[in-house]
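The values are calculated or read from the model by the stated rules, or taken from the named source; none is laboratory data. It should be emphasised that the depicted structure is a prediction, and the values quoted were computed from it without experimental measurement. We place every Cβ from the backbone using ideal geometry, glycine too, and count neighbours over all the protein chains shown. Remember, those area values only see protein heavy atoms, side chains included, never the ligands or the DNA or RNA. Shrake-Rupley method; radii C 1.70, N 1.55, O 1.52, S 1.80 Å.
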Amino acid sequence: MKRANIFFILVFISVKILAIDTVAVKIIGDGVKYYHLKTEEPNNIYILKVDLTLDNKIKLGIANDRIGNEGATVNEMSKNLSKNNFVFAGVNADFFGGSPYQFENSMVIDGEFAKGINIGRSLFAVSEDNVPMIDTIKFFGTIINGKDTISVTSLNDENDSLVCLYNKYYNIKQKLDDEEVAVLLKPESAFRLNILQKYRIVNLFYNSIPKFLYVDKYLLIMPKKLLNNNPFVIGDTLSLSLGLSADLKNIKQMIGGLPKILRSGKEIENFAGHEGINNSGFFGKNPRTAIGYDQAKKYLYIVAIDGRDNTNSIGMTLPELSKFMKDLGCYEALNFDGGGSTTMVIRDSTVNKPTDLTGERKVFNSLFLCAKNITPDIFNSIKVSTSKTDLKLYEKVDLVIEAHDCWGFTSFINSENINFCYDNNLCFISNNELIANKSGITTIKWNFGKFNGEFTIKID
C-alpha cells in the first residue's frame with residue numbers, strides 16, 4: 001500500500017489523494033475514461049470522466065419506459081436503451097418514493113417532459129449543445145383557451161395536482177372523479193420547451209378514460225368548474241406552454257437529485273435543512289452517487305462510492321463527498337440517490353458492489369453516457385448467428401450477435417442496426433429474434449458496414 005501523498009495518475013486531476021491502494025484506468029469510449037480508486041479509509045470509488053466537447057451524448061432512462069410501473073435495475077435500463085443507442089456506461093439517479101413508487105423530481109428526456117413538478121430540489125440538466133448546469137429549476141405550464149388562462153400544476157404526477165397533464169411516459173388512471181373532466185390534446189407542431197404552441201382538442205371524457213397509450217397526444221385532467229365560462233369543444237384549438245424557469249428553451253436532458261453539494265467551487269460543510277433534508281441517517285457515511293462538472297463546463301464527472309462495509313468501503317458523508325468532488329475538479333456538483341441504490345454499469349456489467357443482499361436494486365430512472373451514433377467504426381468485430389439452426393414451424397429463436405467494440409468490450413448491438421437479406425420468405429428477424437414462417441432451408445446474409453456474413457437454418 002502506498003502511504004505517501006501521490007498524484008492521481010494519467011493527468012486525471014492535479015490534486016493529491018492520500019494512500020491509494022489500487023487504481024484501475026480504462027478508456028471506455030470517445031472522451032470517456034473510467035477510474036477505480038481504492039483509498040486507505042477504506043473506500044472503493046468509481047469515476048467516469050467525460051469530455052463534453054467530443055462526440056458522445058447524455059441519455060436518460062425510465063424504468064420500463066413508464067412512470068407508475070415496477071422499477072428496474074440500471075442494467076435493465078441500459079439494455080433497454082441499447083436497443084437504439086450504443087451505451088458506454090450509466091448510474092442510478094433521482095430519489096424515489098410515493099405510491100406507487102416513482103422518481104421524485106422533474107425530468108426531461110430528449111427535449112420533452114417526462115415529469116414536471118416543483119419540490120424545490122436541485123436538477124442536473126444538459127443543453128442541446130452538451131452544456132451542463134445544476135440548479136433548482138422550476139416547472140410551469142399555462143393553458144390559454146379564449147380569454148381564460150389556466151395554470152398546469154404538474155405533468156405526469158397525480159399527487160395533490162389541481163390541473164395535471166399526462167403524456168406517453170405515464171400510466172394514466174382509468175376512472176375520473178365526478179367533478180373531473182379529461183381533455184385529449186394533440187400538438188400541431190413538434191414539442192418545444194417554453195414555447196406557446198397550438199394543441200387540437202381531440203376528445204373529451206367525463207366518466208372514464210379509454211386504455212391506450214398517448215404516444216403523440218397529451219391528456220389534461222382538470223376540475224369541470226374551470227370550464228364553466230369557456231367550455232372546450234372537440235376540434236377547437238387551445239394554446240399550451242410547458243417550460244422551465246429562466247427561459248431555458250434548449251434543455252435536452254434533465255434529471256433530479258438532492259442536494260447540491262458544490263456551489264461555485266465552494267464546499268458545503270453543513271447540509272442540515274438544505275433542500276428539505278432533515279433525516280439524520282442521510283448525513284452519515286453511506287454509499288453515494290454524484291455528478292459534477294468543471295468551471296469551463298468541458299468535463300463531466302460521475303462518481304459512485306461503495307459503503308456500509310467496514311472491511312472494503314465505508315462510504316462518505318455529504319461534506320466528504322463535497323470535498324471529493326471539488327478535489328476531482330468540479331465547480332458545481334449534485335448528489336444523486338445513494339445507499340443501496342448506488343450503481344455504476346459499464347456496458348451492461350455492474351462495476352461497483354451494491355449493498356442490498358439481493359444485488360442490484362430496482363430504481364426508477366438512470367443517467368447514461370452513449371456514443372453519438374451507432375456506426376461500424378465503433379466495432380472491431382461482429383458475428384451473427386442463431387442459438388439453434390434446426391427449428392420447428394413458427395418457432396422463435398434468439399439471434400446471437402457477438403460484437404466486440406474498439407475499446408475492448410463485448411457490447412450489445414440490436415438486430416435493427418444490421419441489414420438482413422433472405423433468399424426466400426421462410427423466416428423474418430425482429431428485435432433480436434428469428435421467427436420461422438415456412439418449412440424449408442434458408443440462408444440469411446447480413447451486413448453492417450465493413451462487416452458481413454451468412455448463416456443457414458432448417459425449418460421443419
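Would you say Asp398 is open to solvent by 40 Å² or more (accessible area, probe 1.4 Å) and under 29 Å from the mean Cα position of the chain (by Cα)?
Answer is yes for this residue.
As an exercise: evaluate Asn335 against (1) in a helix (DSSP H, G or I); (2) of a type outside the set (A, V, I, L, M, F, W, C); (3) within 21 Å of the chain's Cα centre (by Cα) and give the number of the one condition it does not meet.
Here Asn335 meets the rest and fails (1).
For the stretch 350-375, how many residues meet the condition of being of a type in the set (S, T, N, Q) and within 19 Å of Asp30 (Cβ to Cβ)? Don't jump to the end; show me each part of the working.
Keep residues of the stretch 350-375 that are of a type in the set (S, T, N, Q), which gives 350, 352, 355, 358, 365-366, 373, 375.
This time we only want the ones that are within 19 Å of Asp30 (Cβ to Cβ), so: 373, 375.
The number of residues fulfilling the criteria is 2.
Could you grab me the full set of residues in the stretch 149-188 that are more than 16 Å from Ser239 (Cβ to Cβ), of a type in the set (Gly, Ala, Ser) and in a strand (DSSP E or B)? Quick ask: steps written out before the conclusion?
Filtering the stretch 149-188 for residues more than 16 Å from Ser239 (Cβ to Cβ) gives 153-162, 164, 166-182, 184.
Imposing the further condition that a residue be of a type in the set (Gly, Ala, Ser) reduces the set to 154, 161, 182.
Correct list: Ser154, Ala182.
For the stretch 115-144, which positions are in a strand (DSSP E or B) and open to solvent by less than 20 Å² (accessible area, probe 1.4 Å)? Outline the logic, then answer.
Applying the first criterion (in a strand (DSSP E or B)) to the stretch 115-144 yields 115-116, 123-127, 132-135, 139-144.
Answer for the stretch 115-144, where residues must be in a strand (DSSP E or B) and open to solvent by less than 20 Å² (accessible area, probe 1.4 Å): Lys115, Gly116, Leu123, Phe124, Ala125, Val126, Ser127, Pro132, Ile134, Phe139, Gly141, Ile143.
For the stretch 279-311, give me each residue that is farther than 22 Å from Ile255 by Cα and polar (S, T, N, Q).
Scanning the stretch 279-311 gives Asn279, Ser280, Asn310, Thr311.
Taking only pairs six or more apart or across chains, which ones have beta-carbon atoms under 7 Å, a first residue in the stretch 399-411 that is under 18 Å from Lys450 (Cα atoms), and a second residue that is of a type in the set (Asp, Glu) and surrounded by 14 or more Cβ atoms within 10 Å (Cβ to Cβ)?
The qualifying pairs are Ser411/Asp405.
Under the condition of being under 28 Å from Arg347 (Cβ atoms) and surrounded by fewer than 14 Cβ atoms within 10 Å (Cβ to Cβ), which residue from the stretch 413-427 is modelled with the highest pLDDT? Please lay out each step first, then the result.
Taking the stretch 413-427 first, the residues under 28 Å from Arg347 (Cβ atoms) are 413-420.
From what is left, the residues that are surrounded by fewer than 14 Cβ atoms within 10 Å (Cβ to Cβ) are 416, 419.
Working: Glu416: 91, Asn419: 96.
Per the criteria, the residue is Asn419.
Exactly one condition in (1) at pLDDT 95 or above; (2) open to solvent by 10 Å² or more (accessible area, probe 1.4 Å) is not met by Ala4; state its number.
That leaves (1) as the condition not met.
Here are some conditions: (1) open to solvent by less than 40 Å² (accessible area, probe 1.4 Å); (2) of a type in the set (Ser, Thr, Tyr); (3) more than 27 Å from Thr53 (Cβ to Cβ). Ser322 meets all but one. Which one does it not meet?
Among (1) open to solvent by less than 40 Å² (accessible area, probe 1.4 Å); (2) of a type in the set (Ser, Thr, Tyr); (3) more than 27 Å from Thr53 (Cβ to Cβ), the lone unmet condition for Ser322 is (3).
From the list Phe191, Phe212, Phe232, Phe205, pick out the single residue that is of a type in the set (Phe, Trp, Tyr) and open to solvent by 60 Å² or more (accessible area, probe 1.4 Å). Before the answer, list the steps.
Values: Phe191 fails: open to solvent by 60 Å² or more (accessible area, probe 1.4 Å); Phe232 fails: open to solvent by 60 Å² or more (accessible area, probe 1.4 Å); Phe205 fails: open to solvent by 60 Å² or more (accessible area, probe 1.4 Å).
Being of a type in the set (Phe, Trp, Tyr) and open to solvent by 60 Å² or more (accessible area, probe 1.4 Å) holds for just one of Phe191, Phe212, Phe232, Phe205, which is Phe212.
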